[in-house]
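Reading through the structure tokens given below for one structure.
Just so it is clear, none of the values below were taken in a lab; they were calculated from the coordinates. Fair warning: this is a prediction, and the values are worked out from it, not measured in the lab. Note that each Cβ is placed from the backbone with ideal geometry, even for glycine, and that neighbours are counted across all protein chains shown.
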Amino acid sequence: MAVRCMPTPQVRTLRLAAETLGGEAHLAQALGVSSEQLARWLNGDTPPLEVYMAALDFVARGPHGEHPGGESKHKKRGHDR
């Protein structure tokens, strides 16, 4: 019988952050790391605490929040007065 490992909270959070930002490439860019490094973390290597905290922040802000590397995915209207 094969033993299935449950993803760690860090891996689950990184995956959700990638989904929130529109994919792994966008998450890697927002974190300022290579796609290869992000892939290692997504496959179970423990990311640095700063990376985990940033991923939590991306998830908390959601897909419409402002994220590093640019404006929010959907510009807010009526807030430029």
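Tally up the residues in the stretch 14-44 that are under 14 Å from residue 62 (Cβ atoms) and charged (D, E, K, R), please.
Looking only at that region, the number is 1.
Taking the residues in the stretch 1-55 that are in contact with a helix residue (DSSP H, G or I) (Cβ under 6 Å, 6 or more places away or on another chain) and polar (S, T, N, Q) as candidates, determine which candidate is nearest to residue 66 (Cα to Cα).
Per the criteria, the residue is 20.
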